[in-house]
1. If you go through the stretch 262-299 one residue at a time, how many are more than 24 Å from G106 (Cα to Cα) and open to solvent by 50 Å² or more (accessible area, probe 1.4 Å)?
2. Using the structure shown, decide if R235 is touching a residue at least 24 places away in the same chain (Cβ under 8 Å), open to solvent by 10 Å² or more (accessible area, probe 1.4 Å) and under 30 Å from D20 (Cα atoms).
3. Run down L64, L21, L2, L51 and say which single residue is part of a helix (DSSP H, G or I) and either at pLDDT 95 or above or of a type in the set (F, W, Y) (or both).
4. Only residues in the stretch 254-278 that are in contact (Cβ under 8 Å) with a residue 24 or more places away in the chain and β-branched (V, I, T) count as the first member; pair them with residues that are part of a strand (DSSP E or B) and crowded, with 21+ Cβ neighbours inside 10 Å, Cβ under 8 angstrom, at least 6 apart or cross-chain, and list the lot.
5. So K40 passes all but one of these: (1) over 19 Å from the mean Cα position of the chain (by Cα); (2) modelled with pLDDT of 95 or more; (3) in a loop (DSSP other than H, G, I, E, B). Which condition number does it fail?
6. State which residue pairs qualify: first residue polar (S, T, N, Q) and inside the stretch 101-125, second residue outside any helix (DSSP H, G or I) and at pLDDT below 90 in any location, beta carbons under 6 Å apart, and separation of 6 or more residues or different chains.
7. Among (1) modelled with pLDDT of 95 or more; (2) touching a Phe, Trp or Tyr at 6+ places or on another chain (Cβ under 7 Å); (3) not β-branched (V, I, T), which single condition is L318 missing?
Amino acid sequence: MLTDAQLRQFDEEGYVVAQDLFSNGDLQPVIDEISGELDKRAREAVAAGELSQDYAEYDFEHRLAHINRENDKIAKSMWDFKVVLPSFFTLMTNPNLLDVAEQLCGPELIASSVYRLRPKVPTHAWSPVPWHQDSGYFEPYCDKSLILTVWLPLVDATEERGCMWVIPGMHRGPVLTHQPDQMAHYLEIDETLFGGRQPVCCPVTKGGALLMTNRTPHASFDNKSDVVRWSMDLRYQSADLPTNAKIDRLPGEAAPALDGSVPLACNPPEPDFLVRSRLRPHQVMKTPEEFIALRMNHVISPATDRWNYSVAGRKDELGGYAHAPGKK
């Protein structure tokens, strides 16, 4: 559980680092499954003549860096939400993590499957992520509500390795103007809009997490080390907000409006699920199999495009909705 001082910092500055949130035992199954997926893709690339060797002699922190020097398609194929593994669900439903999420979002808790796997390989043009607010990607209806981002590294995340940076205090203001970056990979905020506020570097050791609001400007820059900065970011919200989770809606909870004034979800392209509940525990998702089926079968709904941004417009292949009907 977060301390009073941590809760105060989160409220006043829009972020807080919570160290020792996860044990090695919590994270190792995730690392093992990612390693297995990487091994599979490396061996397939060797068999297809796209890689000279599988680099299996290198450990989790270094293997993908060696692969990437020869073939960058494998790292790109694992970026964002293209990998769906049972251990991801176990991590998203970790009791310590849900206790913290409940402190901030309330007891009727939605986990957004807007999770991201980030293998930030050293010195690569597409792995830095420019200044943005997560709300820049979400529905405007949800701008003033809390959607909690939990950014957690699977290795020690230092400044040299490309840890996160934040602009404290700006979460209390509006969502700033975003625009697609030069490669149309991401949305970005012009730094002049920060009004001279100074960024803060947020290193996080393995087992910790950086907690942010959806209006906290943040970024990560080049990885200047020889280590792959593997990380994940997860998101949680109150069931009071719009959600496409397959649950009964209770009095006072937002429901989609026919006139579009209330959206289907805060991020309609991706599926939500109920992760903790006292009022409808029978509708809480309980197994990795349910989670994987949810992602495989979800039908994408369009989101409001307020910045003229589209994944399809990227000038260099990086992302897309994996396992969606018509977009596999």
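1. Looking only at that region, the number is 4.
2. In short, yes.
3. The match here is L64.
4. Final answer for the pair search is V275/L109; V275/I110; V275/A111; V275/Y236.
5. (3)
6. Within 6 Å, the pairs are S113/E270.
7. That leaves (1) as the condition not met.
Per-residue answers, yes or no, for (1) at pLDDT below 95; (2) over 15 Å from the mean Cα position of the chain (by Cα); (3) closer than 23 Å to A265 by Cβ:
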{"position": "L98", "(1), (2), (3)": "no, yes, yes"}
{"position": "I110", "(1), (2), (3)": "no, no, yes"}
{"position": "L148", "(1), (2), (3)": "no, no, yes"}
{"position": "D156", "(1), (2), (3)": "no, yes, no"}
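The values are calculated or read from the model by the stated rules, or taken from the named source; none is laboratory data. Note that the coordinates shown come from a computational prediction; the quantities given were computed from them, not determined experimentally. FYI the Cβ positions are ideal-geometry reconstructions off the backbone, even for glycines, and counts take in every protein chain you see. Note: accessible area is taken over every heavy atom of the protein model, side chains too, but ligands, DNA and RNA are not part of it. Shrake-Rupley method; radii C 1.70, N 1.55, O 1.52, S 1.80 Å.
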